[in-house]
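The values are calculated or read from the model by the stated rules, or taken from the named source; none is laboratory data. Note that this is a predicted model, so its numbers are computed, not measured. Every residue, glycine among them, receives a Cβ derived from its backbone with ideal geometry; neighbour counts consider all protein chains shown. When the accessible area is computed, the model is the full protein with side chains, heavy atoms only, and any ligands, DNA or RNA have been set aside. Shrake-Rupley method; radii C 1.70, N 1.55, O 1.52, S 1.80 Å.
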Amino acid sequence: MSREGAASGASARRAVSDAERDALATQFREHQRFLWGLCYRLTGSAADADDVVQATFVRALEHPPERTDEPWRPWLTRVALNLGKDLLRRRKRRGYVGPWLPSPLEIDEQAIASFEPELASGTTTEGRYDMLESVSMAFLLALEALTPKQRAVLLLRDVFDYTVAETADALGVSEADVKTTHHRARRAMESYDRQRCRPTREVQEKTRDAVTRLLAALTTGDTEAAERVLAPSVVALTDGGGEYLAARQPVIGRDRVLRFFVSILRKRPGVLTSRATVINGLPALVSEYSEDAPRLAPRQVTCFTIDAEGRIDRIFSVLASTKLTAIRFGDAGSEASSARDATPPA
């Protein structure tokens with residue numbers, strides 16, 4: 001082939017590649033939010049959701065579907081789910097240092113519309129899990145009891161309102177397999193369903209009140225008041241990801257939880273400032289310390305759930321920096337200050 005012919009062929013190939021990229025860019029804009037919301041729920045990680053969505057579109061660019069004239073979403077969903085399930089399996093094999101917690105997002109019922117497109121059927125699906133509940137810390141943590149395949153089926157059926165046939169197509173399995181897997185997934189979620197804490201406006205207000213009272217009690221050293229805010233069987237989970245010092249096991253019980261947090265506040269150098277916000281549907285705290293210290297997290301997000309009596313029954317503290325990529329820091333207010341002088345319970 002002549003030099004001119006080779007150049008002409010290369011130019012033609014570049015033109016096709018540019019056209020494919022333009023077409024893919026259009027698909028990316030159209031489906032990115034849906035895929036990200038699905039992948040975040042599947043993995044429980046904002047950073048992993050970013051990676052899976054990017055990898056999905058790289059796969060589309062390198063190996064596009066055979067019929068590019070048909071809707072892309074089913075094909076993109078299948079690729080994203082396969083990549084997400086592979087990621088979950090790798091994460092399981094690697095293990096994790098201490099409790100694993102989802103990465104937090106600042107999102108409430110007003111923000112959910114900008115977070116992802118509303119479903120065609122509305123904000124609720126099958127009377128099971130609505131869009132906001134399905135990004136709650138408690139729900140995402142409950143999904144950890146499921147296999148990757150069960151997580152995918154449950155999300156498609158009970159959150160994203162897929163039919164059995166649509167779910168089977170998205171996962172490349174039979175409809176009978178979908179039904180069996182869905183049944184097992186729902187059975188694994190029974191414990192969560194019995195004590196689920198839907199992030200309704202009423203629950204948000206009660207949670208905000210409980211958190212405010214707990215902070216006031218810790219700041220003034222009023223341990224009796226702090227105890228009244230906590231459920232007797234309250235559980236505190238701290239995720240340092242092996243990066244920072246954190247409790248390697250759940251801290252269970254009102255007295256132990258109070259001792260744990262008061263000890264941290266007393267020993268940690270610097271002043272703790274926090275701003276109140278809504279994380280994954282419920283009131284939470286975004287906190288920063290004024291001084292760095294070796295192996296101690298300079299930033300953290302603390303989330304809470306309450307029981308039927310309005311007492312805090314779970315506290316989730318996320319310290320690992322890889323989990324905080326979606327959180328805005330640097331403008332913490334004075335809603336909560338150092339509680340180092342609090343007196344530990346007797």
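Numbers below:
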{"quantity": "Identity of the residue in the range 146-165, in a loop (DSSP other than H, G, I, E, B), touching a residue at least 40 places away in the same chain (Cβ under 8 Å) and open to solvent by less than 40 Å² (accessible area, probe 1.4 Å), that ends up farthest from Arg184 (Cα to Cα)", "calculated": "Phe160"}
{"quantity": "Odd one out for Lys323 among (1) among the basic types (Lys, Arg); (2) over 23 Å from Glu202 (Cβ atoms); (3) surrounded by fewer than 22 Cβ atoms within 10 Å (Cβ to Cβ)", "calculated": "(3)"}
{"quantity": "Residues (closer than 22 Å to Ala170 by Cβ and touching a residue at least 60 places away in the same chain (Cβ under 8 Å)) located in the range 87-113", "calculated": "Leu88"}
{"quantity": "Tally, over the range 169-218, of residues that are within 19 Å of Glu109 (Cα to Cα) and either open to solvent by 70 Å² or more (accessible area, probe 1.4 Å) or touching a Ser or Thr at 6+ places or on another chain (Cβ under 6 Å) (or both)", "calculated": "9"}
{"quantity": "In the range 128-145, the residues that are at pLDDT below 95, open to solvent by 30 Å² or more (accessible area, probe 1.4 Å) and under 16 Å from Leu38 (Cα atoms)", "calculated": "Asp130"}
{"quantity": "Residue check, Arg275 under 30 Å from Glu109 (Cα atoms), in contact with a helix residue (DSSP H, G or I) (Cβ under 6 Å, 6 or more places away or on another chain) and either among the charged types (D, E, K, R) or open to solvent by 20 Å² or more (accessible area, probe 1.4 Å) (or both)", "calculated": "no"}
{"quantity": "Filter pass, Val58 being surrounded by 15 or more Cβ atoms within 10 Å (Cβ to Cβ), more than 14 Å from the chain's Cα centre (by Cα) and part of a helix (DSSP H, G or I)", "calculated": "no"}
{"quantity": "Verdict on Glu288 being acidic (Asp, Glu), under 24 Å from Gly98 (Cβ atoms) and part of a loop (DSSP other than H, G, I, E, B)", "calculated": "no"}
{"quantity": "Single condition Arg256 does not satisfy, out of (1) open to solvent by 10 Å² or more (accessible area, probe 1.4 Å); (2) within 20 Å of Thr325 (Cα to Cα)", "calculated": "(2)"}
{"quantity": "Residue in the range 229-241 that is open to solvent by less than 40 Å² (accessible area, probe 1.4 Å), out of contact with any Ser or Thr (no Cβ under 6 Å at 6 or more places or on another chain), among the charged types (D, E, K, R) and within 22 Å of Trp100 (Cα to Cα) present", "calculated": "yes"}
